[in-house]
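FYI, it's all coordinate maths here, none of it is from the lab. Since this is a predicted model, take the numbers as computed values, not measurements. Here the Cβ is made from the backbone with ideal geometry for all residues, glycine too, and neighbour counts use every protein chain on show.
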Amino acid sequence: MQAAIAIAIATAAPPPHRPVAPAPTIAPRELRQVLGAFATGVTVITALDTQGKAHGLTVNSFSSVSLDPPLILWSQSVSAPSHPVFRDAPRFAVNILAEDQIEMSRRFSTAGHDKFAGLTVIEGLGGVPLIPGCAAYLECTQETRFPGGDHTVFIGRVERIEHGMRKSLVFAGGQYMTALPHTQTGRA
């Protein structure tokens, strides 16, 4: 009996091919609006170029990857003027901005000027600058990177952390926000 079932299954015709409809074109502006529904923290990624000059940029495309080993990720547009610096940097720092650091976020989101001019920084591992007053810091070595459409995705191995016990700055729907505990208590 089992042999007869196996033969029937093996000789059965494959299901008819159903053509897959092409995916609809998604306008970048519409995608950005939809993605804005997902609240994120706000970070400034900092690194040094090959001459030792500090570079930084505001990033909200940041996430944890693994606890063991400790890995994080962030991404940057390949057309960003500082992309070659971050692509080639062996290490970088993730400065998680505190809720009162909106101006720091704006400072590092604007291209074309020395973002560190007049800014006192803390020297991190390998001399990578840390921005004072942040909610937390992750100091990383670049583990790997890979292409992701019009961005490069960077994976960092976390070497040192610090938690400043301050509330984080949040961004959603195209505006800065603060995070408050939900009325339904409990941990995720």
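Numerical summary
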read-out: Relative contact order %, region 31-188, counting alpha carbon pairs below 8 Å whose residues are six or more apart; value: 28
read-out: For region 126-185, with +1 on Lys and Arg beta carbons and -1 on Asp and Glu, the positive-most of G173, Q142, P129 along the dipole; value: G173
read-out: Structure-derived semi-axes √(5λ) of the Cα gyration tensor in Å: which label, when the choices are (1) 41, 21, 20; (2) 79, 43, 14; (3) 24, 20, 17; value: (1)
